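So the structure is just underneath, and the comments pick up after that.
Throughout, read-outs are computed from the coordinates displayed, never taken from laboratory work. Note that the structure is predicted; figures quoted are calculated from it, not measured. When we count neighbours, we look across all protein chains shown, and the Cβ atoms used for this are built from the backbone with ideal geometry, even at glycine.
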Amino acid sequence: MTDQTKTTLLQQLKDRTAVVAVVGLGYVGLPLVVVFGNAGFKVVGIDLDTAKVDSLNRGVSYIQDVPTADVKRLVDAGLLTATTDFSVLRDVQAVSICVPTPLKKTGDPDLSYIINATDELAKYVHAGMVITLESTTYPGTTRELILPRLSECCGLTAGQDFFLAFSPERVDPGRKDWTTLNTPKVVGGITPDCSEVAAAWYSQALKTVIRVSSAEVAEMTKLLENTFRMINIGLVNELALICNRLGVDVWEVIDAAGTKPFGFMKFTPGPGLGGHCIPIDPLYLSWKMKSLNYNARFIELASEINTNMPRFVVSRVQDALNDRSLALKGSRILVLGASYKPDIDDLRESPALDVIGLLMAKGAQVDYHDPYIPTLKHDSWEKVSVPDLKNAIRAVDCVVIVTNHSQYDYAMLLENAKLIVDTRNALGNAGRESDKVVRL
Ligand code: SAJ
């Protein structure tokens, strides 16, 4: 049965008669649907959100990186359908799970999306099926959480009857140079045969597939990528605290270090760490290690430093106002930029929300502006982006640049503001030379 099952499935993947399913149609799943469809596979997208399902069946995309024309073409060609009904998996040979892996309020991993998707899949898993998990998670999830649920329910064996692997998503929303199609894709299975079948599937649609020896290696690979980033951002954030105490310009130091053509990678300090990946993924690793009685000190310390940056920003605002004999309490502050990084409309974990909350807690009157985010609702407060930016800049005691959107007119800001705290070095040398600009 084993060899025949694998041989038949490999042939179906090779001649693209295998039907593909993607569970979770967000910023990871939808681009994957299009890539498999463009490779000639019949694809069924599965999501609990009927609005997403209806939109796709109308041939309309809702993800910034996926053109509607691509979706419409696949739907019109009969290569793409979407549904909320998992029973379609009865007639599917290849399934990719791309569901969220956020944190709970407690700061522990929230694996409920993976568990729910797996429990639904377990009802329909059958011999001759390959399954991959793409959601970023702790090492061991595929083997400890998914495998038992799939093999116990139906008496099938991974690596013989069905094939289970992990393949980390490497989607950077908004990026045009590296996409789902051309970003190298790591794939690692529960068994060598699982690695082989999953890699064979992905090689039919993606430009570069990197096969590793196990699901744990693949899970750990993604965590290294994002933990590396989080810790290095934490390092430069601590450098900003150190340079502030030394009276040294941290931006000038980093720019000078950046002239080293080897052995150095430039990161920049900021008001804190936002996004759905970098602040969260490393905590999946440190959480797992705690269960093995190991304290991942680098991750904990970097996370502590990054989490404290909004407070540091507020202290810089307070000091800057104080130097002008103004109390923070009662001062009018304009926060410029709310999304977690420039030129996108994503608020997840944005430090701007913390900066605004902390300024308000100290009695400041806070407004914000963000061209991508018309309204802000967080904790107990709600705000609307100021309609007339130039007037708002002139009216306030201090402007705080939190997210340096490229569309801002920074010359106009420098001309019209009384005082600017620039947490992103958005003003560059003009800011360094101006006595009304304080840099992080
Ligand atoms: N940040 C800094 N200093 C830096 C770089 C980033 O403070 O030097 C801040 C950003 O302002 C933001 C947060 O860190 O608040 C995260 O920024 P990010 O540039 O890492 O962007 P993300 O969250 O979109 O990260 C994604 C990740 N992609 C995946 O997980 C698949 C990450 O692995 C990519 O390296 C990153 O995009 C990228 O390079 O753009």
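Taking 0.36 nm per intervening residue step and subtracting the Cα-Cα distance, what contour gain separates Lys329 from Thr8 on full extension? List each step's numbers first, then the result.
Values: separation 321, 0.36 × 321 = 115.56 nm, distance 7.13 nm.
108.4 nm is the gain from fully extending Lys329 to Thr8.
For a protection proxy built on the mean count of beta-carbon atoms within 10 angstrom, sort 17-29, 55-67 highest first, please. If you can, show how the numbers build up before the last one.
Working: 17-29: 23.3, 55-67: 16.5.
So the peptides 17-29, 55-67, ranked by packing, come out 17-29, 55-67.
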Backbone HN-Hα couplings from phi across region 82-93 [Karplus 6.51/-1.76/1.60, Hz, Gly and Pro as x]: 10, 7, 9, 9, 5, 5, 4, 5, 4, 10, 10, 9
Rounded, prolate or oblate (a/c below 1.5 giving rounded, otherwise prolate when a/b exceeds b/c) for region 2-223 by Cα gyration tensor: rounded
Only Lys, Arg (+1) and Asp, Glu (-1) charged, at Cβ; the chain dipole about Cα centre in debye: 440 debye
Out-of-range pairs (alpha-carbon distance over 25 Å; input Lys6/Lys185; Lys6/Lys123; Lys362/Lys418; Lys329/Lys418; Lys123/Lys290): Lys123/Lys290
Whether the chain is rounded, prolate or oblate, judged on the alpha carbon gyration tensor where a/c under 1.5 counts as rounded: prolate
Two-site FRET efficiency, Phe264 against Lys72, from Cβ-Cβ distance with R₀ of 60 Å, rounded to 0.05: 0.85
Ordering of 215-228, 114-127 by packing [mean C-beta count within 10 Å, highest first]: 215-228, 114-127
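Where nothing but the Cβ of Lys and Arg (+1) and of Asp and Glu (-1) is charged, how large is the charge dipole of region 2-223 around its Cα centre, in debye to the nearest 20?
480 debye
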Potential extension, His378-Ala257 segment - 0.36 nm per residue separation minus Cα distance: 39.8 nm
Positive-end extreme of charge dipole, the chain - chosen from Gln4, Ile190, Pro269 (charges on Cβ): Pro269
Share, in percent, of DSSP beta bridges within the chain that are antiparallel, nearest 5: 15 percent
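Could you compute the FRET efficiency for Gln407 and Ala361, with r as their C-beta to C-beta distance and R0 at 25 Å, rounded to 0.05?
The calculated FRET efficiency here is 0.25.
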Simple spin-label estimate for Leu241 and Gln160 in nanometres, 7 Å along Cα-Cβ: 5.5 nm
For region 417-422, 3J(HN,Hα) per residue [Karplus equation, 6.51 cos²θ - 1.76 cosθ + 1.60, θ = phi - 60°, Hz, x = Gly/Pro]: 7, 7, 8, 10, 9, 9
Gain in span if fully extended, Asp85 to Thr307, counting 0.36 nm per residue against the direct Cα distance: 75.9 nm
Farthest positive-ward along region 2-223 dipole, Cα basis, beta-carbon charges - from Ile63, Val53, Pro109: Ile63
Computed helical MRE - 222 nm, the chain, DSSP H runs ≥ 4 contributing -39500 (n - 2.57), nearest 500: -12500 deg cm²/dmol
Distance between modelled label sites at Ser434 and Arg348, nm, 7 Å Cα→Cβ extension: 3.4 nm
Placed amide H near Val130: partners under 5 Å, 5+ positions off or other chain: Ala94, Val95, Phe163
